[in-house]
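First comes the structure, then the notes that go with it.
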Amino acid sequence: MMSLSYNEARSVLSGRQREVHVTDATTARLADVFMHVAKRLRGRWMHQLAPLGLTPGQGRALAVIARGGDGIRMADLAAKLDIVPRSATSVVDGLEEQGLVLRRPDPGDRRSMLVTFTEAGRLLVSRIEDAKRGAAEEMFGTLPAAERDQLLAVLLRLDACGKHPGSI
């Protein structure tokens with residue numbers, strides 16, 4: 001076993017402290033920049049959705065409903081949007097008031113309601129997808145394809161970490 005002198009030990013420890021400090025500073029900076037970029041992307045998406053008379057939450061809900069095929073249960077919609085059921089009800093209320101969705105009883109479970117599109121809602125979904133692509137292109141279009149692929153891979157890993165109990 002090798003022993004270190006007092007000064008060598010101090011040098012090693014001080015290097016570790018600098019390393020930890022740099023890592024902490026980098027992590028904090030990463031969080032700040034990530035939040036700023038997310039806020040800018042949300043702002044661009046809101047700008048794209050505004051002419052359609054939708055909030056980003058309503059746009060997301062319509063996209064989830066579109067993937068639901070013949071309808072989606074309210075509880076499933078809330079889970080996919082990662083919001084509480086009461087918030088999902090508020091989102092659907094707004095969409096229903098605009099004539100974009102309908103609620104109907106779930107034939108498989110009389111206690112549940114399915115949310116389905118009206119014809120107007122179905123037509124609006126493609127415009128929402130165009131708005132989302134437009135906002136994403138404004139934000140990420142300047143990055144080379146390889147960097148977009150890398151960013152996507154990292155974000156998917158981070159997203160997967162947050163889906164397990166006890167994780168971020």
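Look at segment 55-82: where a residue is without any contact (Cβ under 8 Å) to a residue 60 or more places away in the chain and on the phi > 0 side of the Ramachandran plot and a partner is among the β-branched types (Val, Ile, Thr) and not in a loop (DSSP other than H, G, I, E, B), sitting 6+ places away or on another chain with Cβ atoms under 9 Å, you get GLY71/ILE65; GLY71/VAL115; GLY71/THR116. Condition check: of a type in the set (Gly, Ala, Ser), farther than 30 Å from LEU30 by Cβ and surrounded by fewer than 16 Cβ atoms within 10 Å (Cβ to Cβ). Does GLY99 satisfy that? In short, yes. Scanning segment 113-127 for residues that are polar (S, T, N, Q) and loosely packed, with under 15 Cβ neighbours inside 10 Å yields a single hit, SER126. Where helices (runs of 4 or more DSSP H) fall entirely within segment 38-147, those with at least 1 residues that are under 19 Å from ASP159 (Cβ atoms) are at 56-67, 74-81, 119-140.
SER112 satisfies every condition listed in (1) under 23 Å from the mean Cα position of the chain (by Cα); (2) farther than 17 Å from ARG67 by Cα except (1). Put simply, of ASP130, ASP106, ASP159 the only residue that is at pLDDT below 95, surrounded by 13 or more Cβ atoms within 10 Å (Cβ to Cβ) and among the charged types (D, E, K, R) is ASP106.
The values are calculated or read from the model by the stated rules, or taken from the named source; none is laboratory data. A quick note: this is a predicted structure, and the numbers were derived from the prediction, not measured. Positions of Cβ are backbone-derived with ideal geometry, glycine not excepted, and every protein chain shown enters the neighbour counts.
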